[in-house]
1. Just give me the residues in region 165-203 being under 17 Å from residue 254 (Cα atoms) and either in a helix (DSSP H, G or I) or in contact with a Cys (Cβ under 7 Å, 6 or more places away or on another chain) (or both), in sequence order.
2. May I ask you to list the residues in region 291-320 that are part of a strand (DSSP E or B), open to solvent by less than 60 Å² (accessible area, probe 1.4 Å) and farther than 24 Å from residue 52 by Cα?
3. Can you tell me which residue among 197, 177, 151 is at pLDDT below 95 and either loosely packed, with under 15 Cβ neighbours inside 10 Å or farther than 19 Å from residue 75 by Cβ (or both)?
4. Among the numbered criteria (1) open to solvent by less than 50 Å² (accessible area, probe 1.4 Å); (2) closer than 30 Å to residue 307 by Cβ; (3) aliphatic (A, V, I, L, M), which single criterion is violated by residue 251?
5. Condition first: touching a Gly at 6+ places or on another chain (Cβ under 9 Å), assigned to a helix (DSSP H, G or I), open to solvent by 30 Å² or more (accessible area, probe 1.4 Å) and of a type outside the set (Val, Ile, Thr). Can you find one or more residues in region 274-287 that meet it?
6. Would you confirm whether any residue within region 51-67 is at positive phi and at pLDDT below 95?
7. Could you tell me how many of the residues in region 209-237 are open to solvent by less than 50 Å² (accessible area, probe 1.4 Å), touching a strand residue (DSSP E or B) at 6+ places or on another chain (Cβ under 9 Å), of a type outside the set (Ser, Thr, Tyr) and part of a helix (DSSP H, G or I)?
8. Restricting region 97-126 to residues that are assigned to a loop (DSSP other than H, G, I, E, B) and charged (D, E, K, R), which is nearest to residue 53 (Cα to Cα)?
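The values are calculated or read from the model by the stated rules, or taken from the named source; none is laboratory data. Keep in mind that this is a model prediction, so the values were computed, not measured. Virtual Cβ from ideal backbone geometry, glycine too; neighbours counted across all protein chains shown. The protein model used for the area step is the full one, side chains on, heavy atoms only, and it has no ligands, DNA or RNA in it. Shrake-Rupley method; radii C 1.70, N 1.55, O 1.52, S 1.80 Å.
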Amino acid sequence: MRRKKVWLLAIGGGLGVLSLFVALLVVGTYVTAAGLFGVGGGAVSLAKGAVPAAYQQLIEKWGNKCKALNPAVLAAQINQESGWNPKARSPANAQGIAQFIPGTWATHGVDANGDGRKNVLDPEDAIPSAAMYDCKLAKYVKDAPGNVTDNMLAAYNAGPYAVIKYAGVPPYSETKNYVATIRKMAESFTAPTGRLNPTKAGAGAISFAQSKLGTPYLWGGNGTPEQGGRFDCSGLTKAAYRTVGVTLPRVANDQYNAGPHPKRSELLPGDLVFFASDLTNSRSIHHVGIYVGGGKMINAPYTGAKIRYDPIDTPDYFGATRPSAK
């Protein structure tokens, strides 16, 4: 809780053939895809594995506490606050998975699991308390102009009086960034209800990654001159998307939250593909690559290897994300 706290491949065949295949696939995709895919509507449900399995039922239940809230928005807030760490503590003494400061917890914390104690370090109390606090804020600012969820998030960050004073999201850069961040992240926690729009940025990201084929892997590599232009897996994907104006987080399990999640059958060139040790928990993601079509990706695999094409259909395949500049 931010300002509101104050308020109380090893591939058979030559690479040239595959590169030609990728180029044709990318061109064909982006020439035709704009008229083929759309975004469906419907109730919000959580994307596969986006929320750690231990907390999924809590998020689904309490994320529907009021009309201004939904499970994806609540999940995005918890992810932003603590990264799903129930023992998190901040320098400002914010505590627990929802990062309540003591004064706010004293007023708004609840004993949701009925064990006789409202415990800020117990997600069974803290997640419901965060949802109930959201809904109280939404009620306080219900008459302010603008989107009710945006106003609720702004009140969460800056306090309801600021939202009322400015008749909507106040002109504080921190608050505006907080609202935008949660709204965008919520998209990645939402299970798609229809085909996802492709992005032209994916073709540019592939082009960059192809230019790095054969480059040795470097743990922590960002491709700087000091590092000899070498990358690790998420350093490569971040750099590739940076060339087309899309900013990604640095590490793979955070990059999973950089956009909506196409199904395996809906993958398009440029989608990020992820691999995890626990297929129910996105926080266990350990690897990322850029999908190029044909069941293949470009990736920086591991120390001792070089940037190359690899298959994506392995036992630890977790899912995919379609980054966007929005």
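1. Matches in region 165-203: 178, 180, 181, 182, 183, 184, 185, 186, 187, 188, 189.
2. Listed by number, the residues that qualify are 291, 292, 293, 296, 297, 298, 299, 309, 310, 311.
3. After ruling out the rest, the residue left standing is 197.
4. (1)
5. yes
6. no
7. Count: 4.
8. Residue satisfying both the conditions and the ranking: 122.
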